[in-house]
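Here the structure comes first, spelled out in structure tokens, and everything after it is commentary.
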Amino acid sequence: MSRRRTIRRILVTVASVLVVLVAATVLTGVIVVRRPLPQVEGTLQLDGLDHEVTVTRDARGVPTITAQTSHDLFAAQGYVAAQDRFFEMDYRRHVTSGRLSELVGQNEDALDADKVIRTFGWRQVAEQEWALLQQSTREHLQAYADGVNAYLEGREPAEIAVEYTVLGLQVSQSAPEPWEPADSLAWLKAMAWDLRGNYDDELARALTYSSVHDVQRVDDLFPSYPQDVNQPILSESELAPAQTTTVTPTSAPTFGSDLAGSDLQDALEAADAALAAVPHLLGDGEGVGSNSWVVAGEHTASGKPLLANDPHLSISAPGIWAQVGLRCATVGTACPFDVTGFSFAGMPGVVIGHNGHLAWGLTNLGADVTDFFVERVDGEPGRRPAAGTARTYR
């Protein structure tokens, strides 16, 4: 009996310890997950606002921001965006500035991505574009950044997003750097890159030539778009006359490289590997694209036109789009906005949506916007020529 009683005590003790451990684990998990959730009720003090701003959320958590000035409207949008999705914003700016390895650790994939994107210079281009913007646009971007930074101030990474806690298990996480307007602009570079339509085919055609050794066979494998089968909505006669410019070269261009040569193919494969290292930030795979159409008011029950717009980018978590309403308490010169729709986390305003008068959407054309150039350098490869020496390219 004494032995049974001892065994029973041991089992009870073990069970009690397990219950405590499970309870502690659950409690820790709840704290870790719930700690960074945004405050959606009550009153918050946000320095820098000119007037009181109201943020209401519907049953799905979609915010509608009402303010008296444009500055307050975009500052509040930045604050709310940081509340909801700052880690996504931080991840994107690390990618677009070629600093992803700083955030996720110096693994091979992150370093390869950083090398390519720093070569592209997305962040540098964004900084150069700042001076080209209208003053009002700069003010909106700065107000948005001020709102983001007001949310970040005094918060540890674990208070901002659970992703920082998870990453912190592998990589030390310090407080995020302040948000800058150029961080918003740099995201547009990533959008342009992910929505380009032709470099994959151009590179694939060049690589295919090394196997088939015949331009006609390559053309057969990569057929042109069937314009005769899929006619555009507008006929050629309805389009404005094209503006064309003829350039006459001073001498006939020459190209001495063998398309199937090992040097050229090595260069193409290196380019393919480098470009593959760029993270897909908007979408990838079959079905990625966009379309839109308008139904005239004479065909609708309301008598008003309807716009259907489907930028069918790939599903991601979190989603690419961030739904928001931006409303001025009194629409006028000081605050002319009354819009609702979808933006990107990290971007002020509404990208796709409607106001009280019209709706707008975006459709990606898939135009030929990327070209590859074969550059052959005369001289010893990999060495910069001495000052005063000439280097020719052809």
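Screening the stretch 344-354 for residues that are in a strand (DSSP E or B) and without any contact (Cβ under 8 Å) to a residue 60 or more places away in the chain and picking the one that is farthest from the chain's Cα centre (by Cα) gives HIS354.
Listed here are the residues, each with its yes/no results for (1) among the hydrophobic types (A, V, I, L, M, F, W, C); (2) closer than 27 Å to VAL80 by Cα; (3) touching a residue at least 60 places away in the same chain (Cβ under 8 Å).
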position	(1), (2), (3)
GLU180	no, yes, no
ARG205	no, no, no
PHE222	yes, no, no
ILE233	yes, no, no
GLU238	no, no, no
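Applying the condition of being in contact with a Ser or Thr (Cβ under 9 Å, 6 or more places away or on another chain) and within 27 Å of THR69 (Cα to Cα) to the stretch 115-147 and asking which residue is surrounded by the most Cβ atoms within 10 Å (Cβ to Cβ) yields TYR144. Put simply, of VAL247, VAL278 the only residue that is assigned to a loop (DSSP other than H, G, I, E, B), over 30 Å from ALA308 (Cα atoms), at pLDDT 70 or above and not acidic (Asp, Glu) is VAL278.
Condition test on SER316, is it out of contact with any Asp or Glu (no Cβ under 8 Å at 6 or more places or on another chain), part of a strand (DSSP E or B) and within 30 Å of ASP114 (Cα to Cα)? When the stated conditions are applied, SER316 does not pass them. THR392 passes every criterion in (1) touching an Asp or Glu at 6+ places or on another chain (Cβ under 6 Å); (2) modelled with pLDDT of 60 or more apart from (2).
Scanning for something out of contact with any Cys (no Cβ under 6 Å at 6 or more places or on another chain), modelled with pLDDT of 85 or more, assigned to a helix (DSSP H, G or I) and surrounded by 10 or more Cβ atoms within 10 Å (Cβ to Cβ), does the stretch 17-39 turn up at least one residue? No; the residues of the stretch 17-39 include none that is out of contact with any Cys (no Cβ under 6 Å at 6 or more places or on another chain), modelled with pLDDT of 85 or more, assigned to a helix (DSSP H, G or I) and surrounded by 10 or more Cβ atoms within 10 Å (Cβ to Cβ). Within the stretch 67-76, the residues that satisfy the criterion of being assigned to a helix (DSSP H, G or I) and of a type in the set (Gly, Ala, Ser) are SER70, ALA75, ALA76. When the stretch 53-88 is limited to residues that are β-branched (Val, Ile, Thr) and out of contact with any Pro (no Cβ under 8 Å at 6 or more places or on another chain), the one that is nearest to ALA345 (Cα to Cα) turns out to be VAL62.
For (1) among the aliphatic types (A, V, I, L, M); (2) surrounded by 15 or more Cβ atoms within 10 Å (Cβ to Cβ); (3) more than 22 Å from VAL95 (Cβ to Cβ), each residue gets a yes or a no:
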| residue | (1), (2), (3) |
| --- | --- |
| LEU152 | yes, yes, no |
| GLU163 | no, yes, no |
| VAL166 | yes, no, no |
| ALA206 | yes, yes, yes |
| LEU221 | yes, no, yes |
| TYR225 | no, no, yes |
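In the stretch 77-130, counting only helices (runs of 4 or more DSSP H) that sit wholly within it, the ones holding 3 or more residues that are at pLDDT 90 or above and more than 30 Å from VAL339 (Cβ to Cβ) span 100-104, 108-120. Scanning the stretch 140-164 for residues that are of a type in the set (Val, Ile, Thr) and modelled with pLDDT of 90 or more, which turns out farthest from the chain's Cα centre (by Cα)? In this case the residue turns out to be ILE160.
The set of residues from the stretch 355-369 being in contact with a Phe, Trp or Tyr (Cβ under 9 Å, 6 or more places away or on another chain) and in contact (Cβ under 8 Å) with a residue 40 or more places away in the chain comprises just one member, VAL369.
Restricting SER257, SER262, SER235 to those that are within 19 Å of ASP214 (Cα to Cα), small (Gly, Ala, Ser) and at pLDDT 70 or above reduces the list to SER262. Taken over the stretch 131-169, the criterion of being closer than 27 Å to PRO336 by Cα and outside any helix (DSSP H, G or I) is satisfied by LEU133, GLN134.
The values are calculated or read from the model by the stated rules, or taken from the named source; none is laboratory data. As the structure is a prediction and not an experimental result, all values here were calculated from the model. Ideal geometry is used to build each Cβ from the backbone, glycine not excepted, and the neighbour counts take in all protein chains shown.
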